Amino acid sequence: MSKTVGLDKTDQFSLAPDPSRWKALAFIALAQLMVVLDATIVNIALPSAQHALHISDANKQWVITAYALAFGGLLLFGGRIADLWGRKRTFVVGLLGFAAASALGGAATGEAMLLGSRALQGAFGALLAPAALSLLAVMFTDAKERAKAFGIYGAIAGGGGAVGLILGGFLTEYLNWRWTFFVNIPFAIVAALGAYLVIREPAGTRNRSPLDVPGVVLSTTGLVALVYGFTRAESAGWSDALTITMFIASAVLLTAFVTVEAKVRNPLLPLRVITNRNRGGVYLSLGLAIIAMFGLFLFLTYYLQVVKGFSPVKTGFAFLPMIAGMITGSTQIGARLMTRVAPRLLMGPGFLTAAVGMLLLTQLDIDTSYAGVILPAQILLGLGMGTAFMPAMSLATIGVEPRDAGVASAMVNTSQQVGGAIGTALLNTIAASATTAYATGHLALGATNPELLKLQAMVHGFSAAIWWAVGILVAASAIAVTLINTGRPGGGPVAQSGSGDDVQDEVRIPVVAH
C-alpha cells in the first residue's frame, strides 16, 4: 500500500471515481480554453486598443508583458494554493477573478487601467490553470479514462491559441477590441457555475502544510525576472544592460529557491516532483516544443496578413487545419494509443512529425501557395503536437502524490509560459537579424524595388527562424525518447528509471485509487 503522509486523516483512501467527473471535465475544458485563447486573442486586438487608448509604441508591449509576468511568476504559488485551499475552491475563485479582471480591461479608459487589468488576469490565471489540470489528475485515475480526459485537455491546450486568433479576428473586425476582453466573462461564469455544482474533489487530497513563504518570494521574483528578461531581449536586444541584469538576477534567485526547497520542511515545490526523470523529461521537452510553436504563430500570422494580405478573420480561419490536426492527434491518435504504448513512443514521433511540418515552412517565399505548402505543414504540425501533448499533459501529473498535484500541474504551465516567452524573444531576434542581413546585402547588390525587397527580407527572416524551430522540435523529440522511460499506463510494472523511488512514484495514484 502506498504512503499517504501529509494527506487528511479522514477518507485517506476514498479516491473512488466521481460519477460526475465527465460533466466536470466539460467545465474544466471550457476554463482551459478561455485561458489559452486569451494568450493570443489580445494580440489581434492590440493595434486597435493602442490607438483607442493612446498607448505609446514603447509601452504597447506591456499589454502582453503584464499578463505574462503575473501569470508566469505566480504559477507555482497558484499551484500550492490549490493544494492548500482545495482545487475546486481555487478553480472557482480563479474563474470569477479572471472574469472581473476581463470586465475591467474591456471597460478600460486609459493605459494604466488596461495594463492593471492584464496583470490581474495573469494573477487569477495563475490560480486557475494549475487548479484545472490538478483536478483532472485527482479525478481521473483509471488509465483508459485518464487517456480520454487528457486527450480532450491536450487538444484544447494545443489548439486554443489558434482559436484565439480566429475569435480575436472576428471580434476586432466586426465589433471592437473591447470584446476580446468581454468575451471571457460568459466563459468564466458558465465554467464557475458548472464547477460549483458538478465538481466533487476527492477527499484526502489536500496538502495542509504551512505555506513556504521564502519559496513563494524566491520563485515568484525569479520567474518574473526570467520572463521579463526574455521579453525585454525581444525589444531592447540581448546585450542590453537591463536584459543581462534580469537574467543574472533570475539565475541567482532560482538557484536560491532550489537550495531553500531542498532544506525546508514543507517546500513550495517538493523536489521529488521535478527530479523524477519522467516528469522532468516532460517539463523540458514540452517547454522546448512551446518555444517552437509560439514562434510559428507569430511568424505565420505576420506572413499571412502582411505578405499575403489576409484580413484578421481570414488569417484566423487559415489556422483551422492546425486546430483540426491537434484535435485529431490528441483525441484519435494519442488517447487511443496511450494505454497501448509507452508515452515516449507517442511524444518522440509526435514532436518529429511536427518538425517535418515546420520543415515545410522553411520553404516560404512571397508567392508560396497556401494549399501547396502552408496547409500540409499545418496538418503535420497539428497531428504531431496533438499526439505529443496528450501523453505529456497526463504524464506530468501521473504518479505524484495527490497532495502535490497542484504544484506538479503548475510546473507544466510554468514550462509552457517560460517556453512561450523564450520562443517569442529568441525566434523573433533571429528573424530580425536575418531580415536585416538580407536587406543590407541585396541593397549593396543594387536592388531597385524597396517594397518588394522589404517583403523578401521579411520572409527570409521568418524562414531562418523557422529552421531553428525545426531543430528545437528535434531536440524535444530526443529528450522525450531519452528521458521518459515509463511503461504504458495500466500496463503492469513501469520501466526502471534509475531508482526504486521512481518506480513507486509511477504507480502511487492507481494503487491508492483502487
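Of all trypsin sites (Lys or Arg not before Pro) in region 302-396, which ones are in loop regions per DSSP and have a Cβ with at most 14 other Cβ atoms within 10 Å?
Arg340
I want to check a number: in the chain, how many lysine pairs have alpha carbons closer than 19 Å, given a sequence separation of 8 or more or different chains?
On the way: Lys23/Lys88; Lys23/Lys144; Lys23/Lys148; Lys308/Lys454.
Here the count comes out as 4.
Using +1 at the Cβ of each Lys and Arg and -1 at the Cβ of each Asp and Glu in the chain, identify which of Val407, Tyr196, Gly423 lies farthest towards the dipole's positive end.
Tyr196
Round to the nearest 10 and give me the degree value, 0 to 90, for the angle of helix 277-302's Cα axis relative to the longest principal axis of the chain.
30
Most exposed first by the Cβ proxy, i.e. fewest other Cβ within 10 Å, how do Met347, Met358 rank? Numbers along the way, then the final one.
Details: Met347 30, Met358 26.
The fewest-first ordering by Cβ neighbours comes to Met358, Met347.
Sort out for me the Cα centre separation of region 393-436 from region 76-150, rounded to whole Å.
Here the two parts' Cα centres lie 16 Å apart.
Counting other C-beta atoms within 10 Å, which of Tyr196, Tyr283 has the fewest, and how do the rest follow?
Numbers: Tyr196 15, Tyr283 22.
Arranged by neighbour count, lowest to highest, Tyr196, Tyr283 become Tyr196, Tyr283.
Quick one: Ser235, Ser415, Ser311, fewest Cβ neighbours within 10 Å first, how do they rank?
Details: Ser235 15, Ser415 22, Ser311 12.
So the residues, fewest neighbours to most, are Ser311, Ser235, Ser415.
Rounded to whole Å, give me the distance from the Cα center of region 19-69 to that of region 234-285.
With region 19-69 and region 234-285 each reduced to a Cα centre, they are spaced 25 Å.
With the crude spin-label approximation of a point 7 Å out along Cα→Cβ, what separation in nm comes out for Thr255 versus Ser20?
Label at Thr255, label at Ser20, 5.0 nm between them.
For the chain, what is the mean residue ellipticity at 222 nm derived from helices alone (per DSSP H run of n ≥ 4: -39500 (n - 2.57); sum divided by total residues; nearest 500 deg cm²/dmol)?
Numbers: 18 runs with 378 residues, N = 514.
Taken over the chain, the calculation gives -25500 deg cm²/dmol.
Residue by residue through region 209-224, what is 3J(HN,Hα) from phi via Karplus (6.51 cos²θ - 1.76 cosθ + 1.60, θ = phi - 60°)? Round to whole Hz and write x for glycine and proline.
Once θ is set to phi - 60°, the couplings for region 209-224 become 5, x, 5, 7, 4, x, x, 4, 5, 5, 5, 5, 5, x, 5, 4 Hz.
Taking the Cβ of Phe247 as the centre, find all other residues whose Cβ is under 11 Å away and add up their charges (Lys, Arg: +1; Asp, Glu: -1).
On the way: positive: Arg232; negative: Asp240.
Overall, the nearby charge balance is 0.
Computed from the coordinates by the stated procedures, all read-outs in this text should not be read as laboratory data. Keep in mind that what you see is a predicted model, and the values were worked out from it rather than measured. When we count neighbours, we look across all protein chains shown, and the Cβ atoms used for this are built from the backbone with ideal geometry, even at glycine.
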